[in-house]
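The values are calculated or read from the model by the stated rules, or taken from the named source; none is laboratory data. This one's a predicted model, so the numbers in the text were calculated from it and none came from an experiment. Here the Cβ positions follow ideal geometry from the backbone for every residue, glycine too, while neighbour counts run over all protein chains shown. Note: areas computed on protein heavy atoms with side chains; ligands, DNA, RNA excluded. Shrake-Rupley method; radii C 1.70, N 1.55, O 1.52, S 1.80 Å.
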Amino acid sequence: MAVKSNELMTINMGPQHPSTHGVLQLILELDGEIVRKATPHIGYLHRGVEKLSEHRTYHQVIPLTDRLDYLAPMSNNLGYVLAVEKLLGITDQIPERAKVVRVLLTELTRLKSHLVWLATHALDIGAMTVFLYCFREREVITDLYEKISGARMTSNYFRVGGLSADLPAGVEQEMREYAEGMPAHIDEYEGLLTGNRIWQKRTIGVGTITAEAAIDIGITGPGLRASGVDWDLRRDNPYSGYEDYQFEVPVRQEGDTFARYKVRLDEMRQSSLIILQALDKLKPGPILADCPKVVLPPKQDVVNTIEGLIHHFKIITEGFKPEAGEVYQGIEAPKGELGFYLVSDGSAHPYRMKVRPPSFINLQGLPQMVEGRLLADVIAVIGTLDIVLGEIDR
Amino acid sequence: MSDLAIVEKLKAKFSSEILDVVEFRGETTVTVNKENIVDICTFMRDSGGYNLLCDLCSVDYLGQAPRYMVVYNLYNITTKERIRLKAPVEEQDAQIATVSTVWGTANWMERECWDLMGITFVGHPDPRRILMPADWVGHPLRKDYPVQGPDREPYQGRLS
C-alpha cells in the first residue's frame with residue numbers, strides 16, 4: 001500500500017535542460033504533479049555588459065548589444081543606436097534610406113525571432129515537424145543577414161547616424177520574394193497547430209494572466225497584447241519612421257498560451273506586410289547622416305582618401321562626446337519593450353548604460369502563471385514567454 | 001510639453017519633496033526626495049496614470065554627494081507618455097523604500113539594483129542577489145569596482 005504524505009517535493013529544473021531555452025534554473029516545489037512554488041534562478045550568463053559599456057566608446061558598445069538578445073540582434077542594435085542618436089540630438093537628421101533599411105531589417109528580425117520562438121515552443125510541447133519547418137524559413141533570414149552584415153547572428157550592422165554599409169545588390173529581390181512567400185508558410189504552421197487537438201489542450205487556458213496582473217508585473221509586447229492591452233510602441237511612440245507604415249496591431253483577450261501563440265503568428269503576417277511596404281519605399285540615397293563630428297565617413301572615402309581615413313581614425317580612436325544628459329529610448333523588440341537608458345557626463349564613454357530587457361521582466365511573470373498548475377505546463381509557459389537568457393543575464 | 005500637467009500636479013501635492021525638474025531631448029526628469037518615494041510613486045500610478053514601471057535602475061556618481069541616484073522610468077499606457085523620476089541616495093545611508101508594493105515588476109529590478117549597485121531597498125519581499133552568485137562580495141556596477149574584477153592585475157591592453 002502506498003504511503004500517503006503531504007510533503008512537498010522540491011525538484012531542480014535546469015540550468016542544463018533542453019526546454020529552458022538557455023541556462024535558466026527553476027526550483028519547483030511539487031505536490032504530486034501540481035506546482036506549488038516556482039523560483040527562477042538566473043545569472044548564469046551574466047557578462048557584465050553594462051559595466052563593460054562604461055569603458056568603451058559609444059560605437060564600441062554596438063557589438064555588445066548583439067549579444068543580448070542573440071535571436072534578434074538587429075533589434076538590439078536599433079534600440080541602442082536610437083538612444084545614442086537621441087542623446088546627440090540627431091534623430092531628425094537620419095537619412096530616409098537608412099530609416100527604411102532599419103525598419104526592413106528589424107521586421108525581418110522579428111520574423112527570425114518569432115520563428116525560433118514557434119519552433120522551440122512547438123518542439124517543447126511535442127510537435128517536431130513545426131521545428132523543422134520554422135528553421136527552414138529562419139535559415140533564409142540568417143543567409144540574408146550574412147549577405148548584409150557579414151555575420152549570421154551577431155550583425156553589428158547599424159551605426160550611430162545610419163548604417164555600416166549599404167545593402168548588397170540583389171538582396172532586395174530576395175527579401176521581397178521571402179516576404180511574399182511568408183504568409184503561405186504561416187498558413188502551413190497554423191495548419192499543423194491551430195486546429196490540432198493536442199496543441200489546443202496544451203495551450204488553451206494554460207498560463208493565463210489578466211491585463212492588470214500583466215501590467216503590474218511589467219509584461220510587454222505580444223504577452224501583454226494577448227491579455228487585451230492594445231499597445232504597440234511602433235504605433236504609439238513611433239521611431240525610425242514607423243508612423244509612415246500601415247499595419248495592424250493584433251490583440252486578443254484570453255491571456256493564455258494559445259492567445260499569445262495567435263498574436264505572435266498575426267504579428268508575423270503584419271511584419272511581412274511591413275517588409276513589402278519598406279521595400280516599396282526604398283529609394284537610393286545616402287545611408288549616413290551628415291554630422292561629421294559624430295558619424296563615421298562612408299567606407300569608400302576611408303579607403304580612397306586621406307581625409308576620410310583621418311576622419312574615420314579620429315572617430316574610432318577618440319569617439320565623440322555627447323553633451324551631459326540622460327535619455328531613455330524604448331523600442332518594440334520581438335519580445336516586448338526593449339529600452340536603453342543612457343547617461344552621459346560629457347565624455348566619450350557612456351557614464352551609465354542600462355538595458356531594459358523584455359525577457360528579464362517577462363520571466364518575472366512565470367511563477368504566477370505556473371503555480372497551482374501541472375508540471376507539464378511549466379514547459380509550455382517557458383516557451384510562451386519567449387525568453388532569451390543572453391538578454392536576461394546580460 | 002505634454003508631461004507638464006502631471007508635473008504641476010506633483011508640485012502642488014508634494015511641493016517640498018521636488019528638488020528639480022529637467023527637460024532634455026523632450027524627456028522630463030523630476031528629481032524628488034527619497035523619503036516619500038512610495039507616496040510619490042503611488043500618486044504617479046493612481047492620479048497620473050503611470051501604470052507601467054518600465055525600468056528601475058541606479059547611477060553611481062562617485063565623488064559627488066549624494067553619491068547614488070535611483071532612477072524610475074515610468075510609462076502611461078493610456079496616454080502613451082513617459083516621465084522619469086529620480087531620487088538621490090547618500091553613500092553613508094545607501095537605502096531607499098521599496099516600490100514593489102506599487103508596481104510588482106519592481107521586485108526583480110530592485111534585486112538587480114541591490115546586487116549590482118549595493119543600494120538596499122527597505123521592505124523588499126525577497127532581498128537576494130539575482131545576477132551575481134549568492135556568495136559574491138561587492139557590487140560590480142559601482143564606479144570604484146574595477147572592470148577586470150577584484151584582486152586582478154588591471155588590464156594593460158587597449159580599453160580606450
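What to note about this one:
- Residues being within 12 Å of chain A (Cβ to nearest Cβ), of a type outside the set (S, T, N, Q), touching a Gly at 6+ places or on another chain (Cβ under 9 Å) and touching a residue at least 60 places away in the same chain (Cβ under 8 Å) - total across the range B:89-126: 1
- Residue count for the range A:89-115 under the criterion of being open to solvent by 10 Å² or more (accessible area, probe 1.4 Å) and part of a helix (DSSP H, G or I): the result is 6.
- Residue among A:GLY255, A:GLY195 that alone is touching a residue at least 24 places away in the same chain (Cβ under 8 Å), of a type in the set (Gly, Ala, Ser) and part of a loop (DSSP other than H, G, I, E, B): A:GLY255
- Criterion (within 10 Å of chain A (Cβ to nearest Cβ), open to solvent by 20 Å² or more (accessible area, probe 1.4 Å) and modelled with pLDDT under 90) met by exactly one of B:ARG152, B:ARG158: B:ARG158
- Matching option when the condition is open to solvent by less than 10 Å² (accessible area, probe 1.4 Å) and over 29 Å from the mean Cα position of the chain (by Cα), among A:GLY365, A:GLY330, A:GLY339, A:GLY308: A:GLY308
- Residue in the range A:349-360 that is out of contact with any helix residue (DSSP H, G or I) (no Cβ under 9 Å at 6 or more places or on another chain), facing chain B (nearest Cβ under 9 Å), surrounded by fewer than 21 Cβ atoms within 10 Å (Cβ to Cβ) and without any contact (Cβ under 8 Å) to a residue 60 or more places away in the chain present: no
- Test: residue in the range A:373-383 that is basic (Lys, Arg) and more than 13 Å from chain B (Cβ to nearest Cβ): yes
- Test result for B:ARG25, touching a helix residue (DSSP H, G or I) at 6+ places or on another chain (Cβ under 6 Å) and basic (Lys, Arg): yes
- Assessment of the range A:61-77 against the conditions (within 14 Å of chain B (Cβ to nearest Cβ), part of a loop (DSSP other than H, G, I, E, B) and either of a type in the set (D, E, K, R) or touching a residue at least 40 places away in the same chain (Cβ under 8 Å) (or both)) yields at least one matching residue.
- Near pairs, Cβ below 8 angstrom, 6+ apart or cross-chain, from the range B:17-38 (part of a loop (DSSP other than H, G, I, E, B)) to any residue that is of a type in the set (Gly, Ala, Ser) and open to solvent by less than 30 Å² (accessible area, probe 1.4 Å): B:ARG25/A:GLY325; B:ASN33/B:ALA87; B:LYS34/B:ALA87
- Residue under evaluation B:ARG129, criteria (1) at the interface with chain A (Cβ under 9 Å from one of its Cβ atoms); (2) touching a residue at least 40 places away in the same chain (Cβ under 8 Å); (3) of a type in the set (Lys, Arg), criterion not met: (2)
- Of all the criteria given as (1) in contact with a Cys (Cβ under 9 Å, 6 or more places away or on another chain); (2) open to solvent by 10 Å² or more (accessible area, probe 1.4 Å), the one not satisfied by A:ALA119 is (2).
- Residue match in the range A:221-228 (condition: hydrophobic (A, V, I, L, M, F, W, C) and either within 12 Å of chain B (Cβ to nearest Cβ) or closer than 27 Å to B:GLY49 by Cα (or both)): yes
- Note on the range A:16-31: residues that are part of a loop (DSSP other than H, G, I, E, B) and at pLDDT 85 or above total 2.
- Which listed residue is over 30 Å from B:ARG111 (Cβ atoms), more than 9 Å from chain B (Cβ to nearest Cβ) and under 28 Å from the mean Cα position of the chain (by Cα), from A:PRO297, A:PRO322: A:PRO322
- Subset of the range A:201-220 [free of Cβ contacts under 8 Å to residues at least 24 places away in the same chain, open to solvent by 30 Å² or more (accessible area, probe 1.4 Å) and within 13 Å of chain B (Cβ to nearest Cβ)]: A:GLU212, A:ASP216
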